[in-house]
């Protein structure tokens, strides 16, 4: 049996200028299930929006949930906000309720897909969700780190990527971001509207 790939993730603990709130997923995490209130006291939501990857296609990766259901990311077929996170990543934990709020507010306009990069998968993700009120977020799992491979082998967590309905990247946010803000909603909706306009122009030209 082939051994699972091990990737070294970096957790974006921006506020303190250190990685004290993070851990290396290649080892047994020391910060699993970080408390939201504890983490929010030290984590600054100052992620960087990056448009340099615009046009990249969504990875052809299949994720699973604790029930064994599968989701092929490249076949979602609707606007998608893809979030890579882990239970041991304090900035990720802070983001989760904000993403849950965003998912509720933009329901029907964009699908929020949260994918855990925890190598222990459902063993740690299910208790995490059981302890928190996150009714609008899915429990997708990527324990083999296939997404890490497609995003360069060791992405900063959290990493959030917005795709249009055709699976083309519009932008990505590296690090924690205030997804509960009006600015975040505007960034998502404006990017999707601009992408739709560009597609309409291309179709009319043909």
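In table form, for the structure just shown:
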{"read-out": "Taking 51, 185, 172 and counting other C-beta atoms within 10 Å, the order from fewest to most", "value": "51, 185, 172"}
{"read-out": "For 115, 64, order by how many other beta-carbon atoms lie within 10 Å, fewest first", "value": "64, 115"}
{"read-out": "Kirkwood Rh in Å, taken over all unlike Cα pairs in the stretch 38-197", "value": "15.6 Å"}
{"read-out": "Least to most buried among 177, 163 (fewest other Cβ within 10 Å first)", "value": "177, 163"}
{"read-out": "Cα centroid of the stretch 45-96 to Cα centroid of the stretch 107-169, whole Å", "value": "4 Å"}
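Every number here is computed from the coordinates shown, using simple stated rules; none is lab data. Small disclaimer: the values here were computed from a predicted structure and weren't measured. Positions of Cβ are generated from backbone atoms using ideal geometry, with glycine treated the same way; all protein chains shown enter the neighbour counts.
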